[in-house]
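Colleague: Please read through the structure below; I'll follow up with questions.
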Amino acid sequence: MENSFSDPSTPDAAHALAALDTAAESRARMADRITSPWWYHGGLGLAFALAFASMSLRMANWAVGPFILVVFGLGWALRRSTGVSMDRYLSTPGASQLFMAYVVALAALAATGMYLEWGADVRWAIAGAGVLIGALTTGMGFRIDAAARRDLRAGR
């Protein structure tokens, strides 16, 4: 009867440690690749700001199509520029927590702007909310990217 510890197909501690080191190096390389270019989050923020401004201008019906094209176009350009396709917003625990906070803040700002403009008749309230949403989208996008990189390097 042969001892399982002497079986050449069973990795020893040194091989297991080398495999873990290789996995850590691979995660670090991936974390470096998922960094979004400077224009990605700014472009998303600008797209949101313009989409909300179009509501104040009562032109939202024509702005929906271009907004969708810009969002998908930015995603396509991001994948081409980084060479990585992944869900940046929900891929790691830190990124998903920040994204959920972003979604809540975006919904609150949008609802407030819509109520003020359509319910309380405050002109340009939705456009003002859109400017805040654009800034929030840009700032939180960079923070979400940083959290995803940090979590990926940590193996989470």
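The values are calculated or read from the model by the stated rules, or taken from the named source; none is laboratory data. These numbers come from a predicted model, not from an experiment. With ideal geometry, Cβ positions are generated from the backbone for all residues, glycine too; neighbour counts draw on all protein chains shown. Just the protein is used for accessible areas: all its heavy atoms, side chains included, with ligands, DNA and RNA removed. Shrake-Rupley method; radii C 1.70, N 1.55, O 1.52, S 1.80 Å.
Colleague: For A120, are the conditions met, namely being more than 11 Å from the chain's Cα centre (by Cα), free of Cβ contacts under 8 Å to residues at least 24 places away in the same chain, surrounded by fewer than 15 Cβ atoms within 10 Å (Cβ to Cβ) and on the phi < 0 side of the Ramachandran plot?
Modeller: For A120, the condition - more than 11 Å from the chain's Cα centre (by Cα), free of Cβ contacts under 8 Å to residues at least 24 places away in the same chain, surrounded by fewer than 15 Cβ atoms within 10 Å (Cβ to Cβ) and on the phi < 0 side of the Ramachandran plot - is met.
Colleague: For region 25-32, indicate whether the set of residues that are open to solvent by less than 50 Å² (accessible area, probe 1.4 Å) and in contact (Cβ under 8 Å) with a residue 40 or more places away in the chain is non-empty.
Modeller: Yes: region 25-32 contains one or more residues that are open to solvent by less than 50 Å² (accessible area, probe 1.4 Å) and in contact (Cβ under 8 Å) with a residue 40 or more places away in the chain.
Colleague: Do the conditions hold for L57, that is, is it touching a residue at least 12 places away in the same chain (Cβ under 8 Å), open to solvent by 30 Å² or more (accessible area, probe 1.4 Å) and not β-branched (V, I, T)? Reasoning before the result, please.
Modeller: Values: touching a residue at least 12 places away in the same chain (Cβ under 8 Å): yes; open to solvent by 30 Å² or more (accessible area, probe 1.4 Å): yes; not β-branched (V, I, T): yes.
When the stated conditions are applied, L57 passes them.
Colleague: Report the residue count in region 81-112 for those that are over 22 Å from D145 (Cβ atoms) and either surrounded by 14 or more Cβ atoms within 10 Å (Cβ to Cβ) or of a type in the set (D, E) (or both). Explain how you work it out, then say what you get.
Modeller: Keep residues of region 81-112 that are over 22 Å from D145 (Cβ atoms), which gives 108, 110-112.
Among the residues that remain, those that are also either surrounded by 14 or more Cβ atoms within 10 Å (Cβ to Cβ) or of a type in the set (D, E) (or both) are: 110, 112.
Of the residues in region 81-112, 2 are over 22 Å from D145 (Cβ atoms) and either surrounded by 14 or more Cβ atoms within 10 Å (Cβ to Cβ) or of a type in the set (D, E) (or both).
Colleague: Here is a follow-up. Which numbered condition in (1) under 14 Å from A146 (Cα atoms); (2) assigned to a helix (DSSP H, G or I) is the only one that L74 fails?
Modeller: (1)
Colleague: Additional query: Among the candidates L46, L69, which residue alone is touching a helix residue (DSSP H, G or I) at 6+ places or on another chain (Cβ under 7 Å) and at negative phi?
Modeller: L46
Colleague: Among L44, L50, which is of a type in the set (A, V, I, L, M), open to solvent by less than 30 Å² (accessible area, probe 1.4 Å), closer than 25 Å to I126 by Cα and touching a residue at least 40 places away in the same chain (Cβ under 8 Å)?
Modeller: After applying the criteria, what remains is L44.
Colleague: Still on this model: I'm told R150 meets every condition in (1) of a type outside the set (A, V, I, L, M, F, W, C); (2) open to solvent by 60 Å² or more (accessible area, probe 1.4 Å); (3) at pLDDT 95 or above; (4) under 22 Å from W38 (Cβ atoms) except one. Can you identify the failing condition by its number?
Modeller: (3)
Colleague: Answer with yes or no whether L78 is open to solvent by 80 Å² or more (accessible area, probe 1.4 Å) and either modelled with pLDDT under 95 or out of contact with any helix residue (DSSP H, G or I) (no Cβ under 6 Å at 6 or more places or on another chain) (or both).
Modeller: Numbers: open to solvent by 80 Å² or more (accessible area, probe 1.4 Å): no; either modelled with pLDDT under 95 or out of contact with any helix residue (DSSP H, G or I) (no Cβ under 6 Å at 6 or more places or on another chain) (or both): yes.
No.
Colleague: Name the one entry in S85, S96 that is hydroxyl-bearing (S, T, Y), closer than 30 Å to L20 by Cβ and at pLDDT 95 or above.
Modeller: On the way: S85 fails: at pLDDT 95 or above.
Answer to the check: S96.
Colleague: Oh, and also: Regarding Y115, is this residue open to solvent by 20 Å² or more (accessible area, probe 1.4 Å), aromatic (F, W, Y), closer than 22 Å to G42 by Cβ and in a helix (DSSP H, G or I)? Spell out the reasoning first.
Modeller: Details: open to solvent by 20 Å² or more (accessible area, probe 1.4 Å): yes; aromatic (F, W, Y): yes; closer than 22 Å to G42 by Cβ: no; in a helix (DSSP H, G or I): yes.
Spelling it out, it is not the case that Y115 is open to solvent by 20 Å² or more (accessible area, probe 1.4 Å), aromatic (F, W, Y), closer than 22 Å to G42 by Cβ and in a helix (DSSP H, G or I).
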